[in-house]
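Only one structure is covered here, and it is reproduced in the block below.
The values are calculated or read from the model by the stated rules, or taken from the named source; none is laboratory data. Predicted model only: the values in this text are computed from it and were never measured. When we count neighbours, we look across all protein chains shown, and the Cβ atoms used for this are built from the backbone with ideal geometry, even at glycine. The accessibility values were calculated without ligands, DNA or RNA, using every heavy atom of the protein model including side chains. Shrake-Rupley method; radii C 1.70, N 1.55, O 1.52, S 1.80 Å.
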Amino acid sequence: MEDLQRLHEIPTNEIYDTRSFDKRTGDSEVKQDDYALRRVPGTWRWSAWEALWAHSGISTAMAYPITAALLSVAYGAPSMIVALIITLLYTGVGVYYTVKKSSQEGTSNDLMSRHTFGFHGSAFQTVLYGLLGTIYFSIETHVMSASLSEAIPILPYWLSAAIVCIAFIPLTYYGMVFMAKLQGLTVWIYVLGIILAIVGLFGGWAEQANSALAGSSWWNVNPNHVEMSWISVLGAMGAFIGILGSIQILLVTDTARFIKVREKKKGGILYTLIGVTVPTLLTPLFGIYLLAATAGTNPDPGVTFVWLLGPIGLFFVIITQIRCNVINVYFGTNALENFTSQLFKLNWKRTIFLIPFMVISYIILVSPFLNYFGTIMTMLSVFLFNYVSVLFGDWLLVRKKYNIPQWSEFRRGYLPKYNKIGMYSMWIPTIVGVVMASGMFGIVPQVLAVPVTGIAAFIMPGIIAAMMSKETVVKQYFARIPVRLSNVKDHDGEHQCAACNNTYHMSDFVVCPFHNGKQLCSNCCSSERSCNSMCHTETADVPIVENVPV
């Protein structure tokens, strides 16, 4: 059909910023730009190793060992270890693919998902994804706060939690540049702390935690004596694979989008071998060992480190949590920035959301939220697992079959408000899965919630698309075909926005009929309140005019 032919005729340099530079170029304003609402330009790309360093705080997150320990208490370590292996395979494949795609397009998951769910439709996933940042932050901060109160008994838990939340506001003000420096400086402290903890365990430094208590078969630790079965394996997997597996597939895009395009395969390999293996297998196994080393009595590694190393253990816990939590705050506030832009047409910066983010996190910390850890994690796993499943079902089952381009459109002027294929595939299985995960119908539906609804979310895009005409399927992805900009000649593929007068790469621009064919950057397009998306009803291309102020 004609629309598909026009889509495939658009040159690559009008879809992505394909430029490649050896060094980053940009002023202080560029360094503080988080690119939550637009592609990362070719002038501000990083090497694969540098991007991995910025992401490496996830590998040292205490959420992985503490979750593995808690689930080992609930289901037994043997079931948990099988769940870890399944999660490792699933996450490795997903991360490799999304790192390459994110690097190619220079976009985060928040922007890529707009094509699958529609410009407004993706906002619902985005806000939940952003609020997930508060939950991850709260889990990590709980470890820090408990360790702080353990080391300084005069500090009640609620005060320790408040101190930690407030401390993270200045720590998370700056984005990628600060994260890369912080992770590079602190990774060696993390390595040293792990070594000291292992020496302490085998040296008998703490009566409450040591290798003698762990025994020679620590992988069999099972405080509740749960018999290993398919129910226990699926229960452990369901609570882990989404909340700590699927999240990696989505989360890597926040740093992988900065990788130079020519290093995208290298980035995929590094993120998979190091960025996935360490948090998904190695640190959870260490968490299980620490549980065994306390004779199955304490699943909190933060407290165990304080027992083993005293003030040094507290310092180690704080460093590891800072490494991870700057990423949790970064992705959470980026998502909230995206959400307000999509639904409320507000171009607020990520930093505005720091205080609301911390307030929500503190409420979670001092509420009984963590007392329902297992059930809540399973419900969140349903959401995250289905989120990833729909994205991959869209990319692999629909776009290939209908010859729809694999690149992700994110500009409001070219996207429909809602993509029915993605929306139905996401929310029907998720609603069913949350009900199943609640435990209202017994243990079997609860442990089946994640895998069953996740498979449904993967195949539903193909089923729904098959019930539509080919033309209708294409309309789910493009309200109108992107207008070619090749007749506009600016230096090095960059243009000046007719509304804000800032200069961006040509792939960021929308030809706007409301402004008589002038070129607006994606931000100005998405924040326009008066146009009523009239471009979606245009039947012919609008002539491109020179960029004079609107």
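Each Cα pair under 8 Å and six or more residues apart adds its sequence gap; the mean of these over the residue count of the chain is a relative contact order of 25 percent.
In this label model, MET467 and ARG529 are separated by 3.9 nm, measuring between points 7 Å along each Cα→Cβ vector.
Quantify, in whole percent, the carbon and sulfur part of the accessible surface of the chain (1.4 Å probe; protein heavy atoms only). Looking at the chain in its full context, I get 66 percent from C and S.
The mean of 1/r over all distinct Cα pairs in the range 97-182, once inverted, gives the Kirkwood hydrodynamic radius of 15.7 Å. Legend: residue pairs LYS260/LYS401; LYS23/LYS518; LYS265/LYS345; LYS23/LYS181, Cα-Cα distance threshold 26 Å; pairs beyond threshold, LYS260/LYS401; LYS23/LYS518; LYS265/LYS345. Solvent exposure of the chain, expressed per residue, is 38 Å² of accessible area, with all protein chains present and a 1.4 angstrom probe. When each of the peptides 461-474, 421-434, 100-113 is scored by how many other beta carbons lie within 10 Å of its residues on average, the order from highest to lowest is 100-113, 421-434, 461-474. What relative contact order, as a whole-number percentage, does the range 276-335 give when Cα pairs under 8 Å and 6 or more residues apart are counted? The normalised contact order for the range 276-335 reaches 16 percent. If you look at the Cα atoms of the range 435-482, you get an Rg and a Dmax of 16.6, 50 Å. With q set to 0.13, 0.17 Å⁻¹, the log10 of I(q)/I(0) for the range 321-435, from the Debye formula over equal scatterers at the Cα positions, is -0.75, -1.18.
Helices of the chain meeting both criteria, an alpha-carbon length of 20 angstrom or more along the long axis and an average Kyte-Doolittle score not below -0.5, with helices taken as full DSSP H segments, are 77-105, 121-151, 157-171, 176-203, 311-344, 373-393, 420-437, 443-466. Averaged over residues, the count of other Cβ atoms within 10 Å places the peptides 382-393, 225-236 in the sequence 382-393, 225-236, highest first.
For the range 227-386, the calculated P(r), taken from all Cα-Cα distances in 5 Å bins from zero up to the bin holding the longest distance, is 2, 7, 10, 15, 21, 18, 14, 8, 4, 2, 0 percent. Ranked by the mean number of other Cβ atoms within 10 Å of their residues, highest first, the peptides 145-154, 323-332 come out as 323-332, 145-154. Dividing the summed -39500 (n - 2.57) terms of all DSSP H runs of n ≥ 4 by the residue count of the chain sets its mean residue ellipticity at 222 nm at -19000 deg cm²/dmol. Normalise the Debye intensity by I(0) for the chain, one equal point scatterer per Cα, no solvent, then take log10 at q = 0.07, 0.08, 0.12 Å⁻¹ and round to two decimals. The computed values of log10 I(q)/I(0) come out as -0.40, -0.53, -1.12. Placing +1 on the Cβ of each Lys and Arg and -1 on the Cβ of each Asp and Glu in the chain, which of LEU365, PRO301, ALA63 has its Cα farthest towards the positive end of the resulting dipole? Result: ALA63, furthest along the dipole toward the positive end.
Express in % the proportion of alpha carbon pairs of the range 1-97 at distances exceeding 21 Å. Every Cα pair in the range 1-97 considered, those over 21 Å come to 61 percent.
Take the Cα radius of gyration of the range 361-505 and divide it by 2.2 N^0.38 Å, N being the number of residues; the result is 1.42.
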